[in-house]
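*Asks:* Before we start, here is the structure in question, set down as structure tokens.
The values are calculated or read from the model by the stated rules, or taken from the named source; none is laboratory data. What you are looking at is a predicted structure, and each value in this text was computed from that prediction instead of being measured. Every residue, glycine among them, receives a Cβ derived from its backbone with ideal geometry; neighbour counts consider all protein chains shown.
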């Protein structure tokens, strides 16, 4: 079955790096995503990685994918107070029907201490 | 360009009543997804509409239903409301056959059932 697991909380000091981890079960996933939800808001796509990639870097964000272990991580360098939010890992399990129905983890709440 | 818009922002109902939530996708997007975000449960997939048809539904009872109109806007109906239906209901839209499957989310409708 499809399942995405994340730790629920992470607390870091401003200026440090944050690493948010995620494990997924569907080995046929094509894309894996990180979404960010700020308080009182909807979700916003941060970045995504195609399953044939190991790493993707986008400014302060680095995504690492270990397909063998079905492990995805998001590293935020120089974490700022504005990065405080809930971060969701998501995958598109293969459905063969053209569906972009994402399966989300429960989200990791990142708290940045000034 | 306007993003995904949802209405109402907040809705308070009592047990047994019906709730109707509305969503307007981004212009040009033909797919609409509904997710329920209940406290402690993460995002649970509810429904997917594409080109006016229901394409898939999540593991929710039939009292959760909806439709998509010719202009691709959508409405979610929840009948016979129960206390556990209290949640943030998020709508997302995408291109029907988007290359990356990116979903664009609205800010949600918060339903409180008393």
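*Asks:* Quick one: residue B:55 ticks every box in (1) at pLDDT below 95; (2) under 13 Å from the mean Cα position of the chain (by Cα) bar one, so which box is it?
*Replies:* With (1) at pLDDT below 95; (2) under 13 Å from the mean Cα position of the chain (by Cα) applied to residue B:55, the lone miss is (2).
One line per residue, one yes/no per condition, for (1) buried (at least 19 other Cβ atoms within 10 Å of the Cβ); (2) on the phi > 0 side of the Ramachandran plot:
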position: B:11; (1), (2): no, no
position: B:22; (1), (2): no, no
position: B:41; (1), (2): no, no
position: B:48; (1), (2): yes, no
position: B:80; (1), (2): no, yes
position: B:85; (1), (2): yes, no
position: B:92; (1), (2): yes, no
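*Asks:* Please give the number of the condition residue B:95 fails out of (1) in contact with a strand residue (DSSP E or B) (Cβ under 6 Å, 6 or more places away or on another chain); (2) more than 30 Å from residue A:9 (Cβ to Cβ); (3) within 11 Å of chain A (Cβ to nearest Cβ).
*Replies:* (1)
*Asks:* Then there's this: Kindly indicate whether any position in the range B:25-35 is in contact with a strand residue (DSSP E or B) (Cβ under 7 Å, 6 or more places away or on another chain) and surrounded by fewer than 16 Cβ atoms within 10 Å (Cβ to Cβ). Reasoning before the result, please.
*Replies:* Step one: list which residues in the range B:25-35 are in contact with a strand residue (DSSP E or B) (Cβ under 7 Å, 6 or more places away or on another chain), which gives B:25-26, B:29-35.
Now restrict to residues that are surrounded by fewer than 16 Cβ atoms within 10 Å (Cβ to Cβ): none.
Within the range B:25-35, not a single residue is in contact with a strand residue (DSSP E or B) (Cβ under 7 Å, 6 or more places away or on another chain) and surrounded by fewer than 16 Cβ atoms within 10 Å (Cβ to Cβ).
*Asks:* Please determine, by comparing only the residues of the range A:1-43 that are without any contact (Cβ under 8 Å) to a residue 40 or more places away in the chain and exposed (fewer than 13 other Cβ atoms within 10 Å of the Cβ), which one is nearest to residue B:9 (Cα to Cα).
*Replies:* First, pick out the residues of the range A:1-43 that are without any contact (Cβ under 8 Å) to a residue 40 or more places away in the chain: A:1, A:40-42.
Narrowing the set further to residues that are exposed (fewer than 13 other Cβ atoms within 10 Å of the Cβ) leaves A:1, A:40.
Numbers: A:1: 34, A:40: 11 Å.
Applying the filter and picking the extreme gives A:40.
*Asks:* Only one residue in A:64, A:110 is more than 13 Å from every other protein chain (Cβ to nearest Cβ), touching a helix residue (DSSP H, G or I) at 6+ places or on another chain (Cβ under 7 Å) and modelled with pLDDT of 95 or more. Which one?
*Replies:* Details: A:64 fails: touching a helix residue (DSSP H, G or I) at 6+ places or on another chain (Cβ under 7 Å).
Every option except A:110 fails the conditions.
*Asks:* Now for a different question. So for the range A:32-55 (the condition being over 24 Å from residue A:113 (Cβ atoms), away from chain B (no Cβ under 14 Å) and assigned to a strand (DSSP E or B)), does at least one residue qualify?
*Replies:* yes
*Asks:* Do the conditions hold for residue B:40, that is, is it within 9 Å of another protein chain (Cβ to nearest Cβ), in a loop (DSSP other than H, G, I, E, B), free of Cβ contacts under 8 Å to residues at least 40 places away in the same chain and closer than 23 Å to residue A:37 by Cβ?
*Replies:* On the way: within 9 Å of another protein chain (Cβ to nearest Cβ): yes; in a loop (DSSP other than H, G, I, E, B): yes; free of Cβ contacts under 8 Å to residues at least 40 places away in the same chain: yes; closer than 23 Å to residue A:37 by Cβ: yes.
Yes.
*Asks:* Just a yes or no: is a residue in the range B:62-72 crowded, with 19+ Cβ neighbours inside 10 Å, modelled with pLDDT of 90 or more and over 14 Å from the mean Cα position of the chain (by Cα)?
*Replies:* No.
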